[in-house]
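**Student:** Quick one: the structure is below, questions incoming.
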Protein chains: 2
Amino acid sequence: MLDAAVKVFSRRGFHAASMDEIAEDAGISKPMVYAYLGTKEELFVACLHREGTRMMQAIAGAAAPDLPADERLWRGLRAFFGFVGAHRDGWAVLYRQARGEQPFAGELATMRARLVEVVAGMLDHALRAEGREIAAIDLEVVAYALVGATESLADWLADHPDADPEKTATRMMNVAWLGAAQLLHGVTWRPPVD
Amino acid sequence: MLDAAVKVFSRRGFHAASMDEIAEDAGISKPMVYAYLGTKEELFVACLHREGTRMMQAIAGAAAPDLPADERLWRGLRAFFGFVGAHRDGWAVLYRQARGEQPFAGELATMRARLVEVVAGMLDHALRAEGREIAAIDLEVVAYALVGATESLADWLADHPDADPEKTATRMMNVAWLGAAQLLHGVTWRPPVD
DNA sequence: GAGCATACCTACTCGTGCGTAGGGTTACGC
DNA sequence: GCGTAACCCTACGCACGAGTAGGTATGCTC
């Protein structure tokens, strides 16, 4: 039943999706949807929650914390893009939807914050191993940028049905890791004085 | 009047925003809004258009095409984050809104495609200067990731009213340019064979 | 000052879609 | 066979908000 909801929400968007259509698509009638899942908002949150949990699990399962940073990043990215590739309309559109609608932005922000935290933790760990340290806020912002770039490529992937998730992950590594590795080695860019 | 519309759309979101509220906020009555700007969708598109054009102009004006790549990137980013910083609720929320709602996704995709194209062109130019070349699709994807990372930081900036746009731009350079510079010098990351 | 047009408002219609009330149907106990 | 209970449906009430019709004031022409 959640599958049907995800499908319709994806295709129509939250507002344009009617409960009638979801019910029809699920092969039951509207009052049943209300009986099982509650209001439209609750239904959407349930979808969001399930997809989010699945995604986090896919990533967490792949990126064991005892691996070196680059290996973790690579496995995490591969799992992530694999997931998006397998749930194209599910993920990307739900995600895009949720960002726009205030009632869910918070829910999503929490999910994303967890991701950012994981990435930041990973970077921090790698930095300490190098005997280095940078301000927490800088770390957070870098992690934020990496997560953003990844989401952006996920959108790209969702819009290009023929693209290969694995290859996309490799490309992401090329952007993310080459830059991050520099930072880890203490190379930084400074604005020109003009 | 567009200012009022942008403000309300930002605060409420496209659907939750009522034409009554926009009219009230603009200090006129609803029929006037219809007389001047047409339907709600047209009004939203007008907002989107104005903000988008302003942003593109801000960037284009700062990043002259005859500068070296890193300098162009830096100036472009600085202009971009400066713009977002100055139009916090305008930009970020409009942008977030537009991605979710199908009727406007296309409009926005066009804008973003122009940005991606500019970034890709810049990278390509820099690559050729180094006597190198990579597949157009890879170039596009890298550019896409950079644009995504930048948007992500723009969101971050919009959510952190005290943050400094200039500093955010510097951080973005640290992520983007260090990675890109590596790519330009022919350094690439390859997946481990496992 | 009468006629007219322009600029604007108040107050309505009407469609749409969420959420629900109340009725039918099937299966089981007695 | 009849009561009853679980289950699901059709068909509606109701609120909300986009878009409009028709009326009012202000200023301009003759």
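Every read-out reported here was derived from the displayed coordinates using simple, explicitly stated rules and does not represent laboratory data. Computed from a predicted model, the values in this text were never measured in an experiment. FYI the Cβ positions are ideal-geometry reconstructions off the backbone, even for glycines, and counts take in every protein chain you see.
**Student:** Longer than 28 Å from Cα to Cα, which of B:K7/B:K30; B:K7/B:K167; A:K40/A:K167 are they? Say none if no pair is. Provide the component values of the computation, followed by the final result.
**Tutor:** On the way: B:K7/B:K30 16 Å; B:K7/B:K167 26 Å; A:K40/A:K167 37 Å.
Pairs exceeding 28 Å: A:K40/A:K167.
**Student:** Same structure, new question: Mind putting a number on the dipole of segment B:110-156 about its Cα centre? Charges go on the C-beta only, +1 for Lys and Arg and -1 for Asp and Glu, and I need it in Debye to the nearest 20.
**Tutor:** That gives segment B:110-156 a dipole magnitude of about 100 debye.
**Student:** Right, something else. Dipole size in debye (nearest 20) for segment B:1-42 around its Cα centre, Lys and Arg Cβ +1, Asp and Glu Cβ -1?
**Tutor:** Working: 5 positive and 7 negative charges, 18 e Å.
Computed charge dipole of segment B:1-42: roughly 80 debye.
**Student:** Within 10 Å of each candidate Cβ there may be at most 15 other Cβ atoms; applying that plus a DSSP loop requirement, which GluC sites (Glu not before Pro) in segment A:112-194 survive?
**Tutor:** Within segment A:112-194, the qualifying GluC sites (Glu not before Pro) (loop, at most 15 other Cβ atoms within 10 Å) are A:E130, A:E133.
**Student:** Let me ask something else. Distance from a point 7 Å along Cα→Cβ of A:R50 to each backbone N in segment A:78-116: keep the residues under 16 Å and list them by number.
**Tutor:** Counting only backbone N, you get A:87-95.
**Student:** Give, as a single signed number, the net charge of other residues whose beta carbon lies under 12 Å from the beta carbon of A:A126, with Lys and Arg counted +1 and Asp and Glu -1. Mind dumping the intermediate values first?
**Tutor:** On the way: positive: A:R72, A:R128, A:R132; negative: A:D70, A:E71, A:D124, A:E130, A:E133.
With Lys, Arg at +1 and Asp, Glu at -1, the net is -2.
**Student:** Mind grabbing the base-10 log of I(q)/I(0) for segment B:2-184 at q = 0.12 Å⁻¹? Debye formula, identical points on the C-alpha positions, no solvent, two decimal places.
**Tutor:** Debye curve over Cα of segment B:2-184, log10 I(q)/I(0) at q = 0.12 Å⁻¹: -0.61.
**Student:** Which one, B:H87, B:T110, B:L184, is farthest towards the positive end of the dipole of chain B when Lys and Arg carry +1 and Asp and Glu -1 on their Cβ?
**Tutor:** Final value for the positive-end residue is B:H87.
**Student:** Moving to a separate point now. Shielding of B:139-146 by partners, i.e. mean partner chain Cβ atoms within 10 Å per residue?
**Tutor:** Working: counts 0, 2, 13, 6, 1, 8, 15, 5.
That average works out to 6.
**Student:** Given the peptides B:88-97, A:43-52, B:182-191, arrange them by the average over their residues of other C-beta atoms within 10 Å, most packed first.
**Tutor:** Numbers: B:88-97: 21.4, A:43-52: 19.6, B:182-191: 15.1.
Packing proxy ranking, top to bottom: B:88-97, A:43-52, B:182-191.
**Student:** Going by how many other beta carbons lie within 10 Å of each one, how would you line up B:I22, B:I134, fewest first? Display every interim value, and only then the final one.
**Tutor:** Values: B:I22 24, B:I134 15.
Ascending Cβ contact count within 10 Å gives the list B:I134, B:I22.
**Student:** Let me ask something else. Equivalent-ellipsoid semi-axes (√(5λ), Cα gyration tensor) for the protein assembly as shown, whole Å, largest first? Don't skip to the answer; put the middle values down first.
**Tutor:** Working: eigenvalues 241, 156, 67 Å².
Taking √(5λ) for each Cα gyration eigenvalue gives 35, 28, 18 Å.
**Student:** Between segment A:90-104 and segment A:14-49, how far is it from one alpha carbon centroid to the other, in angstrom?
**Tutor:** 16
**Student:** Provide a whole-number value for the mean count of partner chain Cβ atoms within 10 Å of the Cβ atoms in peptide B:150-159. Don't skip to the end; give the middle numbers.
**Tutor:** On the way: counts 4, 5, 12, 6, 1, 5, 6, 1, 0, 2.
What the average comes to for B:150-159 is 4.
**Student:** Further, regarding this structure: Cα axis of helix B:102-129 to longest principal axis of chain B: angle in degrees, 0 to 90, nearest 10?
**Tutor:** Around 30 degrees separate the two axes.
**Student:** Same structure, new question: So if R0 is 35 Å, what FRET efficiency would A:K30 and B:R12 give, r being the distance between their Cβ atoms, rounded to the nearest 0.05?
**Tutor:** Numbers: r = 27 Å, r/R0 = 0.78.
It comes out at approximately 0.80.
**Student:** Just to be sure I understand the model, the point goes 7 Å from the Cα along the line to the Cβ. What's the resulting A:E166 to B:E41 distance in nm?
**Tutor:** So the label points at A:E166 and B:E41 sit 4.3 nm apart.
**Student:** Using only Cα atoms, tell me the angle between helix A:40-62 and the longest principal axis of chain A; keep it within 0 to 90° and round to the nearest 10.
**Tutor:** 40
**Student:** Another one. Taking 8 Å as the Cα distance limit and 6 or more residues as the minimum spacing, I'd like the relative contact order of segment A:1-118 as a percentage. List each step's numbers first, then the result.
**Tutor:** Details: 80 pairs, mean separation 32.3, N = 118.
Reported as a whole number, the value is 27 percent.
**Student:** Also, I was wondering about something else. In degrees between 0 and 90, to the nearest 10, how far off the longest principal axis of chain A does helix A:69-86 point, with axes built from Cα atoms?
**Tutor:** Once rounded, one gets 20 degrees.
**Student:** While we're here: Calculate the dipole size of segment A:13-77 relative to its Cα centre from +1 charges on Lys and Arg beta carbons and -1 charges on Asp and Glu beta carbons; express the result in debye to the nearest 20. Show your work: numbers first, answer last.
**Tutor:** Details: 6 positive and 10 negative charges, 29 e Å.
My answer is approximately 140 debye.
**Student:** While we're looking at this one, here's another question. Consider a paramagnetic label point 7 Å from the Cα of B:E130 along Cα→Cβ; state which residues of segment B:63-100 have an amide N under 12 Å from it.
**Tutor:** B:69-70
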